[in-house]
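Worksheet for the structure shown next.
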Amino acid sequence: MSLTEARFHDLVDATQQALEDLFDESGMDLDMENAAGVLTITFDNGSQLIFSRQEPLRQLWLADRSGGFHFDYDEQSNKWTCEKTEELLGEMLERIVWARAGEKLDFDEI
């Protein structure tokens with residue numbers, strides 16, 4: 001069953017807030033901007049992670065210099081899963097943040 005529009009927005013809002021909280025608490029040197037439903041994380045080396053909602057598809061998109069990734073929400077696991085690789089959002093972020101900033105963050109709750 002497809003996510004309702006309201007449920008989708010609630011999930012994306014909660015995910016973006018959890019990401020903001022996690023990065024904020026990490027003490028990393030970075031900038032965050034959340035405007036019009038797009039969360040941009042800019043690391044001190046200039047690399048960025050951009051999270052955006054794609055309402056018509058009910059997907060959360062992640063743009064990184066390694067590519068663009070589209071995530072569907074799995075109601076059974078309560079996790080965002082990449083439609084192509086089936087990697088969980090949290091697992092991918094752990095790997096990307098390590099590569100971009102050399103920091104090991106715990107994204108298990110994402």
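The values are calculated or read from the model by the stated rules, or taken from the named source; none is laboratory data. Model, not experiment: these values are computed from the prediction. So basically every Cβ, Gly included, is an ideal-geometry build from the backbone, and we count neighbours across all protein chains shown.
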**Prompt:** LYS79 is checked against (1) at pLDDT 95 or above; (2) on the phi > 0 side of the Ramachandran plot and fails just one. What number does that condition carry?
**Reply:** (2)
**Item:** Any hit, region 85-103, residues being over 24 Å from ARG7 (Cβ atoms) and touching a Ser or Thr at 6+ places or on another chain (Cβ under 6 Å)
**Value:** yes
**Item:** Members of region 11-43 that are surrounded by fewer than 18 Cβ atoms within 10 Å (Cβ to Cβ), farther than 26 Å from SER77 by Cβ and out of contact with any Leu (no Cβ under 9 Å at 6 or more places or on another chain)
**Value:** GLY27, ASP29, ASP31, ALA35, ALA36
**Fill in**
Those residues of region 48-66 which are farther than 17 Å from ASP10 by Cβ and modelled with pLDDT of 95 or more amount to GLN48, LEU49, ILE50, TRP61, LEU62, ALA63, ASP64
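Report whether or not ASP44 is in contact with a strand residue (DSSP E or B) (Cβ under 7 Å, 6 or more places away or on another chain), closer than 20 Å to LEU105 by Cα and at pLDDT below 95.
Working: in contact with a strand residue (DSSP E or B) (Cβ under 7 Å, 6 or more places away or on another chain): yes; closer than 20 Å to LEU105 by Cα: yes; at pLDDT below 95: yes.
So ASP44 passes the test.
Check GLU109, GLU94 and return the single one that is acidic (Asp, Glu), within 20 Å of GLN17 (Cβ to Cβ), under 15 Å from the mean Cα position of the chain (by Cα) and buried (at least 18 other Cβ atoms within 10 Å of the Cβ). Steps first, please.
Details: GLU109 fails: buried (at least 18 other Cβ atoms within 10 Å of the Cβ).
Just a single option satisfies the conditions, and that option is GLU94.
Going by the conditions given, is GLY37 without any contact (Cβ under 8 Å) to a residue 12 or more places away in the chain and at positive phi? Walk me through how you get there before you give the answer.
On the way: without any contact (Cβ under 8 Å) to a residue 12 or more places away in the chain: no; at positive phi: yes.
For GLY37, the condition - without any contact (Cβ under 8 Å) to a residue 12 or more places away in the chain and at positive phi - is not met.
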**Request:** Filter region 24-71 down to residues that are over 16 Å from LEU93 (Cα atoms) and small (Gly, Ala, Ser), then give me how many there are.
**Result:** 5
**Asked** What single numbered condition from (1) buried (at least 18 other Cβ atoms within 10 Å of the Cβ); (2) under 13 Å from VAL12 (Cα atoms) fails to hold for PHE69?
**Response** (2)
**Filter result for GLU103 (surrounded by fewer than 11 Cβ atoms within 10 Å (Cβ to Cβ), assigned to a loop (DSSP other than H, G, I, E, B) and acidic (Asp, Glu))** = no
